[in-house]
Amino acid sequence: MAQAFQLGLTGGIGSGKSTVANLLAGLGAAVLDADAISRTLTAPHGLAIEPIRHQFGAAFITAEGALNRPHMRDLVFANPQAKQQLEAIIHPLVSAETARLAQAAQTAGHRCLVFDVPLLVESAHWRGKVDQVLVVDCLPETQISRVMARSGLERAAVQAIMATQASRAARLQAADAVIFNDSITLDELACQVSAFFARLQLSLASHF
Ligand code: ADP
């Protein structure tokens, strides 16, 4: 079987990336959500729980058998080595689980897999893995107002999160295609996503 086309979907916080992922899923694309996979691994009795208990101790696991997130957040904030140790556990498991889900989607007949990865531009692993990068873009001010409205966070807190992500310029430089999700309605966004997906499928038709 030919390898399915692998589209990387990314965007800064508040860009509308999750909205675009949902629209693509609604059009029938197989969307693999790296964050959701990662959360499953650290949910009660997820695959990362025993390795985390072994590495960091029982204090980092809740009574329900999940990762104690606030406790771990405090540790990795204070200790970069702990962050590396945690990532050394989580990243290979995310890769393996993503590969398993990708294989299942391909076996089910999907010729295009969409990898929804917030920090794709920041990750050499993901950039090397995908065939094309689709960036959902908007003005930084729009990101701030959307995230403030969605989460109730203060402006400074949103800006602090944005500062940990790739810059808008770096993301656009890594893009093969861009959806500019600013000053448009959700309906207009849906039209743009449909048009993008239709073009992609046409171009893939010549590959299979
Ligand atoms: P991300 O996944 O990039 O953080 P989301 O897709 O969750 O962003 O979008 C952030 C918020 O902005 C959501 O509440 C979403 O409904 C809203 N939103 C996104 N695009 C638009 C748009 N074009 N018009 C109105 N609201 C939008």
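The values are calculated or read from the model by the stated rules, or taken from the named source; none is laboratory data. Since this is a predicted model, take the numbers as computed values, not measurements. Cβ atoms come from the backbone with ideal geometry, glycine included; neighbour counts cover every protein chain shown. Just so you know, the surface numbers come from the protein's heavy atoms only, side chains and all, with ligands and any DNA or RNA stripped out. Shrake-Rupley method; radii C 1.70, N 1.55, O 1.52, S 1.80 Å.
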Checklist entry - When you look at S151, is it over 20 Å from the mean Cα position of the chain (by Cα), assigned by TED's automatic domain parsing to the domain that holds P118 and not aliphatic (A, V, I, L, M), yes or no? => result no
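Among the residues of the range 107-141, what is the count of those that are hydroxyl-bearing (S, T, Y) and open to solvent by 30 Å² or more (accessible area, probe 1.4 Å)? Full working, then the answer.
In the first step, residues of the range 107-141 are kept if they are hydroxyl-bearing (S, T, Y); the result is 107, 123.
With the extra rule that they be open to solvent by 30 Å² or more (accessible area, probe 1.4 Å), the set shrinks to 107.
Residues flagged as hydroxyl-bearing (S, T, Y) and open to solvent by 30 Å² or more (accessible area, probe 1.4 Å) within the range 107-141 amount to 1.
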Checklist entry - Quick one: is F180 touching a residue at least 12 places away in the same chain (Cβ under 8 Å), in contact with a Cys (Cβ under 9 Å, 6 or more places away or on another chain) and either among the aromatic types (F, W, Y) or under 29 Å from I90 (Cα atoms) (or both)? => result yes
Checklist entry - Quick one: how many residues across the range 15-30 are open to solvent by 10 Å² or more (accessible area, probe 1.4 Å) and within 6 Å of the ligand (Cβ to nearest atom)? => result 4
Item to check | Count of residues meeting criterion [open to solvent by 40 Å² or more (accessible area, probe 1.4 Å), touching a residue at least 40 places away in the same chain (Cβ under 8 Å) and closer than 24 Å to L204 by Cβ] in the range 69-106 | outcome: 1
Next on the checklist: Take the conditions in a helix (DSSP H, G or I), surrounded by 17 or more Cβ atoms within 10 Å (Cβ to Cβ) and outside the structural domain of F77 (by TED's automatic domain parsing) and apply them to R199. Does it pass?
Outcome noted: no
Next on the checklist: Looking at the structure I just gave you, is I144 outside the structural domain of R39 (by TED's automatic domain parsing), touching a Gly at 6+ places or on another chain (Cβ under 8 Å), more than 18 Å from Q3 (Cβ to Cβ) and not in a strand (DSSP E or B)?
Outcome noted: yes
Checklist entry - Which number in (1) open to solvent by 10 Å² or more (accessible area, probe 1.4 Å); (2) over 18 Å from E87 (Cβ atoms) marks the one condition that L47 misses? => result (2)
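Output yes when any residue across the range 132-141 is part of a helix (DSSP H, G or I) and modelled with pLDDT of 95 or more, and no when none is. Step through it out loud before you land on a result.
If we filter the range 132-141 for residues that are part of a helix (DSSP H, G or I), which is where we start, we get 140-141.
In the following step, the residues that additionally are modelled with pLDDT of 95 or more were identified as 140-141.
So far as the range 132-141 goes, yes, one or more of its residues are part of a helix (DSSP H, G or I) and modelled with pLDDT of 95 or more.
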Checklist entry - Which residues, taken from the range 167-193, are part of a helix (DSSP H, G or I) and within 14 Å of the ligand (Cβ to nearest atom)? => result R168, R171, L186, D187, E188, L189, A190, C191, Q192, V193
Next on the checklist: Tell me yes or no: at least one residue of the range 146-155 is closer than 27 Å to A124 by Cα and surrounded by 13 or more Cβ atoms within 10 Å (Cβ to Cβ).
Outcome noted: yes
Checklist entry - If only one of A105, A99 is at pLDDT 95 or above and either more than 16 Å from the ligand (Cβ to nearest atom) or part of a helix (DSSP H, G or I) (or both), which one is it? => result A105
Checklist entry - Which ones in the range 31-40 are within 12 Å of the chain's Cα centre (by Cα) and open to solvent by 40 Å² or more (accessible area, probe 1.4 Å)? => result V31, D33, D35, R39
Checklist entry - Assuming A163 fulfils every condition listed in (1) loosely packed, with under 12 Cβ neighbours inside 10 Å; (2) touching an Asp or Glu at 6+ places or on another chain (Cβ under 9 Å) apart from one, which condition is it? => result (2)
